[in-house]
Amino acid sequence: MTESEDICQLSAEVTDTVETFCYEFKSERNVSAHTLRAYRSDLLDYARWCAREELDITKVTHRQMRRYLSMLDEAQYQRSTINRKLSALRTFYQWLCVTGRSECDPATVLQGPKQPKSLPHVVQPQDMVKLLSVHAAVDVNGNPRQQTLNDVRDQALLEFLYACGARISEASSLLVSNVDFAAAQVKVFGKGSKERIIPLHDLALSSMRIYLRTARTQLLGNHHCEYFFVSSRGNRMGTDAMRKMFKATVAQAGLDNRLTPHDMRHTFATDLLEGGADLRSVQEMLGHANLSTTQVYTHLSPAHLQEVHAQAHPRA
């Protein structure tokens with residue numbers, strides 16, 4: 001059964017309520033398309049469960065909602081998935097109460113399953129050298145190589161990701177006008193369209209400048225595109241294409257195939273902290289709303305912590 005056929009089993013009132021929430025959620029929070037799709041899917045799944053249980057979605061109790069969470073657990077959903085669904089329900093019921101569609105919020109007293117804390121995965125220095133040599137003008141052994149137009153672009157993209165810790169979505173959305181070569185910095189728009197300015201080092205700037213002046217012009221052809229990274233057809237290079245390129249590069253470098261573009265962001269943060277950067281500055285460059293989110297990277301820098309301890313402790 002397709003999703004559209006399944007949705008038809010819900011009442012028009014329920015589907016309209018979910019769609020209205022999604023519209024207002026998008027307008028007020030300016031969330032990404034990915035987040036909106038996930039919330040919509042989670043809420044429709046929950047609405048279908050309520051329909052099967054013959055429950056009014058606006059009058060569900062916390063005990064009934066706990067039963068729903070138990071059902072997800074019994075179905076062996078991952079803890080992260082259950083927590084995401086609960087997050088969607090919390091936001092949804094807050095909205096129902098604020099808009100007068102419901103008098104109770106059953107989600108506010110519920111807690112999702114605890115997730116095991118896992119440290120972000122980083123690219124080791126020797127592996128980063130291999131990764132950044134795949135598309136470079138010089139290979140890992142220092143021998144010159146002939147670059148294609150895509151090589152020049154992909155090298156600029158990889159250098160950019162590692163230089164400023166940008167998310168892959170931020171790289172795809174980067175405009176030519178957002179790159180300030182004179183000031184050696186870039187303007188990116190993160191989650192919720194929050195703007196931040198991040199410095200760029202000379203190696204990244206050089207790769208990006210070469211790409212902009214040579215390969216990008218040829219990739220565009222007769223097209224016009226305001227985005228910095230463009231496809232071989234002269235259009236905006238999407239996140240899927242960037243991820244595909246990254247996976248192919250990892251394979252060519254002979255590295256762990258579990259590496260993702262987001263690991264470049266983790267590596268950027270870890271290297272800054274190990275290099276002596278303060279946590280608050282790293283938070284600003286990553287665009288984290290809370291310092292606690294950035295603090296996870298301190299656990300990845302034992303050498304830096306030992307150095308700080310040795311320098312600061314009176315008996316060290």
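Read the figures in this text as sums done on the coordinates, not as results from a lab. These numbers were taken from a predicted model, which means no experiment stands behind them. Virtual Cβ from ideal backbone geometry, glycine too; neighbours counted across all protein chains shown.
Springs join every pair of Cα atoms under 10 Å in this Gaussian network model of the chain, and among Leu132, Leu205, Leu110 the largest mean-square fluctuation is at Leu110.
Scanning residues 5 or more positions from Arg236 or on other chains, those with amide H under 5 Å from its amide H are Ser231, with H placed 1.01 Å from N in the peptide plane. The shape of region 66-219 can be summarised by an equivalent ellipsoid whose semi-axes, obtained from the alpha carbon gyration tensor, come to 45, 21, 13 Å from longest to shortest.
Think of the chain as a dipole: +1 on every Lys or Arg Cβ, -1 on every Asp or Glu Cβ, centred on the Cα centre; then among Val296, Ala12, Ser231, Val296 lies furthest on the positive end. Partner aspartates and glutamates whose Cα lies under 16 Å from the Cα of Lys247, excluding those fewer than 8 positions away in the same chain, are identified as Asp127, Asp151, Asp154, Glu159, Asp256, Asp263.
The dipole here belongs to the chain: it is taken about the Cα centre, uses +1 on the Cβ of Lys and Arg and -1 on the Cβ of Asp and Glu, and is about 300 debye. For region 31-45, 3J(HN,Hα) computed residue by residue from phi via the Karplus equation (6.51, -1.76, 1.60; θ = phi - 60°) reads 6, 6, 4, 5, 4, 5, 4, 5, 4, 4, 4, 5, 5, 5, 4 Hz, glycine and proline entered as x.
The chain: longest stretch without exposed GluC sites (Glu not before Pro) (DSSP loop, at most 12 other Cβ within 10 Å), sites themselves excluded?
Details: sites that count: Glu53, Glu54, Glu103, Glu226.
Counting at most 12 other Cβ atoms within 10 Å as exposed, the longest clean stretch of the chain is 104-225.
From the coordinates of this entry, volume of the Cα convex hull per residue in Å³ is computed, and it appears in (1) 130; (2) 198; (3) 145 under the label (2).
In terms of the Cα gyration tensor, with a ≥ b ≥ c the square roots of its eigenvalues, is region 1-107 rounded because a/c is under 1.5, prolate because a/b exceeds b/c, or oblate?
rounded
Residues in region 217-226 carry Karplus couplings, in order, of 4, 6, 5, 5, x, 8, 7, 10, 8, 7 Hz; the curve used is 6.51 cos²θ - 1.76 cosθ + 1.60 with θ = phi - 60°, and Gly or Pro positions show x.
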